Amino acid sequence: MGEVETQLPGGTANRGRVVRVGDTVRRPLRPSGPAVHRLLDHLERSGFDGAPRFLGIDEHGREVLSFVPGESVTPPYPAWSMTDQALDSVAVLLRRYHEAVADFVPEDVAWAEPVPRAYVDGLVSHNDPNLDNIVFRDGTAVALIDFDLAGPGSALWDVATAIRLWAPLRPEPDVDDQRRGRTLTRLKRFADSYGLSPEDRTRLVEAATDNHTWCMDYVRRRAEAGHPWFHQRWSTGEAALTARTNTWFATQAQTLHQALLN
């Protein structure tokens, strides 16, 4: 009998196509795969234990990664995942990743999706520390997964991505869990827990705004290209939420910036 494949819950791009086989994960191979594999190899050599290991390509042409035990955060969000302690641990994990990747210098590799040039400073950032791309154990973030969008970026860009999703930075009526009413507190707390530099702190709100634009443009383009899950996401509320959030960023930028300085 062949090895048992168990479908894993996932995000949008690879929904239904990621499986667990024993202590491994099998995922579709992307054009940026060789670049990501070099990155994962570097993280392993550096002793960073917060990412899966690249193990090779299987007989079906899928990449094989080590399985990272734990829980990712998917709706309905469990109460423990919305706590300040969980938020702090995400910031610490992201900082550890940036320290581990700081001396990684990729050459002659193709990455998936370029980030705005203003946020590229030589560091290869994860670029998608979404709630379901972080593994927790006992309420503490222990690993980043899904490096499909990794590529040249910066610590600031990753922090902006993370805080936009984890605070979250969006209109208050669109926050339907225990984080409602705590956006400003969680924004500052994440920056403090990460240890964001004063210079990056002054740019964080602008970076989060630009990250929102970048991310939603990516979703829109994939939807228009016919990707079924991106199309479903965009057509069932994401487009309207994007428009509301664009307005929210424009009107709340000064308040958000001030919260970081208090």
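Rule-based calculations on the coordinates, nothing more; no lab input. The structure displayed is predicted, hence computed values, not measured ones. Methodologically, a virtual Cβ is constructed for each residue, glycine included, from the backbone with ideal geometry; neighbour enumeration extends over all protein chains shown.
Under the rule of at least 5 residues apart or a separate chain, name every residue whose amide H is placed under 5 Å from the amide H of residue 141.
Sorted by chain and number, the residues that satisfy this are 89, 90.
Which value does Rg/Rh take for region 1-120 over its C-alpha atoms, Rh per Kirkwood?
0.98
Using 17 Å as the cut-off for backbone N distance, which residues of region 156-182 belong to the label zone defined by a point 7 Å from the Cα of residue 262 along Cα→Cβ?
167-170, 172, 180-182
What do you get for the angle between helix 198-224 and the principal long axis of the chain? Use alpha-carbon atoms, 0 to 90 degrees, nearest ten.
60
Taking the Cα centre of the chain as origin, sum charge times position over the Cβ atoms of Lys and Arg (+1) and Asp and Glu (-1), and report the length of that vector in debye to the nearest 20.
Dipole of the chain, to the nearest 20 debye: 620 debye.
Before anything else, pin down the relative contact order of the chain: Cα pairs under 8 Å, at least 6 apart, normalised by residue count, whole percent.
After rounding, I find 17 percent.
For the Cα atoms of the chain, what angle does the longest principal axis make with the long axis of helix 183-194, in degrees from 0 to 90, nearest 10?
The two axes meet at around 60 degrees.
From the backbone phi of region 235-248, what are the Karplus-calculated ³J(HN,Hα) couplings (6.51 cos²θ - 1.76 cosθ + 1.60, θ = phi - 60°) in whole Hz, Gly and Pro given as x?
Per residue, the Karplus-derived 3J(HN,Hα) values read 8, 10, x, 5, 4, 5, 4, 4, 5, 5, 6, 4, 5, 4 Hz.
Mind checking Rg over Rh on region 139-194, alpha carbons, Kirkwood formula for Rh?
1.00
When only DSSP loop residues count, what GluC sites (Glu not before Pro) in region 1-110 have their Cβ near at most 16 other Cβ atoms within 10 Å?
3, 5, 59, 107
What are the radius of gyration and Dmax of region 124-256, computed over its Cα atoms and given in Å?
14.9, 42
Let's see if you can work this out: charge +1 on each Lys and Arg Cβ, -1 on each Asp and Glu Cβ, no other charges. What is the dipole magnitude of region 6-66 about its Cα centre, in debye to the nearest 20?
Using only the charged Cβ atoms, the result is roughly 260 debye.
P(r) of region 6-66 in 5 Å steps, Cα pairs, percent per bin?
4, 18, 27, 26, 18, 6, 1
Provide Rg over Rh for region 50-169; use the alpha carbon set for both Rg and the Kirkwood Rh (inverse mean inverse pair distance).
0.97
Under the definition of Cα pairs under 8 Å and six or more residues apart, what whole-number percent is the relative contact order of region 84-205?
30
Based on Cα coordinates alone, diagonalise the gyration tensor for the chain, multiply each eigenvalue by 5, take square roots, and list the semi-axes in whole Å, largest first.
29, 21, 19
So, R0 is 51 Å and r is the distance between the beta-carbons of residue 4 and residue 107; what FRET efficiency does that work out to, to 0.05?
0.85
Name the residue from 243, 209, 123 whose Cα lies farthest towards the positive end of the charge dipole of region 75-261, charges +1 on Cβ of Lys and Arg and -1 on Cβ of Asp and Glu.
243
Among all stretches of the chain without exposed trypsin sites (Lys or Arg not before Pro) (DSSP loop, at most 14 other Cβ atoms within 10 Å), which one is longest?
18-179
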